Amino acid sequence: MSVRRLAKEQPADFTFSKDTLKTANWWLTKYPAERKQSAVLPILWLVQKQEGWVSEPAIRAVAEMLDMPVIRVLEVATFYTMIQLEPVGKVALIQVCGTTPCMLRGANDLMRVCKDKIGAKDKVSSDGALTWQEVECLGACANAPMAQINDYFYEDLTPESLGQIIDDFRAGKAPKAGSYAGRHSSEPAGRVTSLTDPALYDGSKAKAITLPNLPQAETA
């Protein structure tokens, strides 16, 4: 596991927006009052949605809201890699999966595109718009190579399609999420070669199951 630390440059303070505070209070209703610290992760996520990342003043604000020691909130924020501890691009955070299935399908080529079009890994681009990262498995192995961009998955990528996606984000557009090979979900890339008999799905081949006569429990 990599060492995760707070950014060297921090804002002077943090204030919950009206909407963030409203949603945070809604999360608090999901837990008993004596267990409100259980809401620490969703509230950190709300902070990140508001600011783009989680700062040290924000961690202190969350700790105060939940009556937690600051170090406890810091432990959560530094453990979960979905929490960004440094500023990221204001338009898009591009997280390229670098685990084996995606690597075998061309993840390295995708990362080269990111480096060419955005700059160094884990750094905000010179225009402040974009950041890219290499991350561990995102669970879309059947549609490799893929990347999570902001909140959505972009799958079956090629260097060309990812390059166009980056250009579109930078131009203020909203590229569609999902497969860039025309797949509906994670069905085979070519023709279906197994489970092709429709009767497998209509129940006609299902056999009735007869349960054995089990001894009845004696009652007192």
Residues in region 63-80: is at least one surrounded by fewer than 20 Cβ atoms within 10 Å (Cβ to Cβ), at positive phi and either outside any helix (DSSP H, G or I) or in contact with a Lys or Arg (Cβ under 8 Å, 6 or more places away or on another chain) (or both)? yes
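Just to be sure before I move on: is Ala181 of a type in the set (A, V, I, L, M) and in a helix (DSSP H, G or I) in the structure I sent?
Against the criterion (of a type in the set (A, V, I, L, M) and in a helix (DSSP H, G or I)), Ala181 does not qualify.
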Test of understanding: among Val3, Val54, which residue is surrounded by fewer than 11 Cβ atoms within 10 Å (Cβ to Cβ), closer than 17 Å to Glu86 by Cβ and not assigned by TED's automatic domain parsing to the domain that holds Val135? Val3
Scan region 1-33 residue by residue and report those that are small (Gly, Ala, Ser), within 16 Å of Asp67 (Cβ to Cβ) and within 24 Å of the chain's Cα centre (by Cα). Ala24
Just to check your reading of the model, which residue among Asp127, Asp167, Asp156 is touching a helix residue (DSSP H, G or I) at 6+ places or on another chain (Cβ under 9 Å), touching a residue at least 12 places away in the same chain (Cβ under 8 Å) and at positive phi? Asp156
Just for region 76-91: of the residues that are β-branched (Val, Ile, Thr) and touching a strand residue (DSSP E or B) at 6+ places or on another chain (Cβ under 8 Å), which one is farthest from Lys173 (Cα to Cα)? Thr81
Just a yes or no: is a residue in region 100-123 under 14 Å from the mean Cα position of the chain (by Cα) and at pLDDT 95 or above? no
Looking for something in contact with a Phe, Trp or Tyr (Cβ under 9 Å, 6 or more places away or on another chain), assigned to a strand (DSSP E or B) and of a type outside the set (Phe, Trp, Tyr) - is there at least one such residue anywhere in region 96-110? yes
Taking the stated definitions as given, is Leu195 more than 28 Å from Pro87 (Cα to Cα) and loosely packed, with under 10 Cβ neighbours inside 10 Å? yes
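The values are calculated or read from the model by the stated rules, or taken from the named source; none is laboratory data. Being a predicted model, the structure only gives us computed values, none of them experimental. Glycine gets a Cβ as well: all are built from the backbone with ideal geometry, and neighbour counts include every protein chain shown.
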